[in-house]
């Protein structure tokens, strides 16, 4: 600092607020916000967008070769691959956030239920991926 400039001292904690996804990832968000906002509604949004990409891929496949069913199926399979990657990545984020934020509630039963949902979700994803690969 040079001479006459005022110095700012943050007495009231007016730091800029961090984004919601970052609070969720670090376990600092309230459980109900994570469950309803990121897990339930977030999965619906990701699934809706991914299904739109699948349909778009199929339409683009038919646009490339209108007389061939294989082109549409190729576009659909590319869209399904994108759906799988996106859904697994978002599922990993949302379930990690749910597990970490499970203790941020006053109800012990809600904590146990949230962690039970994470365990059931993980078991389902492992089963689905193993069925796809083997």
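For 33, 22, which order do you get if you count the other beta carbons within 10 Å of each Cβ and list the fewest first? Walk me through the intermediate numbers first.
Details: 33 16, 22 12.
Ranking 33, 22 by Cβ neighbours within 10 Å, fewest first, gives 22, 33.
Seen against the Cα atoms of the chain and their longest principal axis, helix 108-133 is set at about 30 degrees.
Could you please tell me the mean projected area of the C-alpha convex hull for the range 1-113, averaged over all directions and given in square nanometres to one decimal?
Average of the hull's projected areas for the range 1-113 equals 12.7 nm².
Extending 7 Å from Cα along the Cβ direction at residue 60 and again at residue 11 yields two label points whose distance is 5.8 nm.
Ordered by the count of other Cβ atoms within 10 Å of each Cβ, fewest first, 29, 17 give 17, 29.
For 64, 53, which order do you get if you count the other beta carbons within 10 Å of each Cβ and list the fewest first? Each step should come with its number before you reach the end.
Details: 64 12, 53 17.
Ascending number of Cβ neighbours within 10 Å: 64, 53.
Given in Å, the Rg to one decimal and the Dmax to the nearest whole number for the Cα atoms of the range 58-108 are 19.2, 61.
Any read-out appearing in this document is the output of simple, stated calculations on the displayed coordinates, not a laboratory observation. These numbers come from a predicted model, not from an experiment. Cβ: placed from backbone, ideal geometry, glycine included. Neighbour counts: every protein chain shown.
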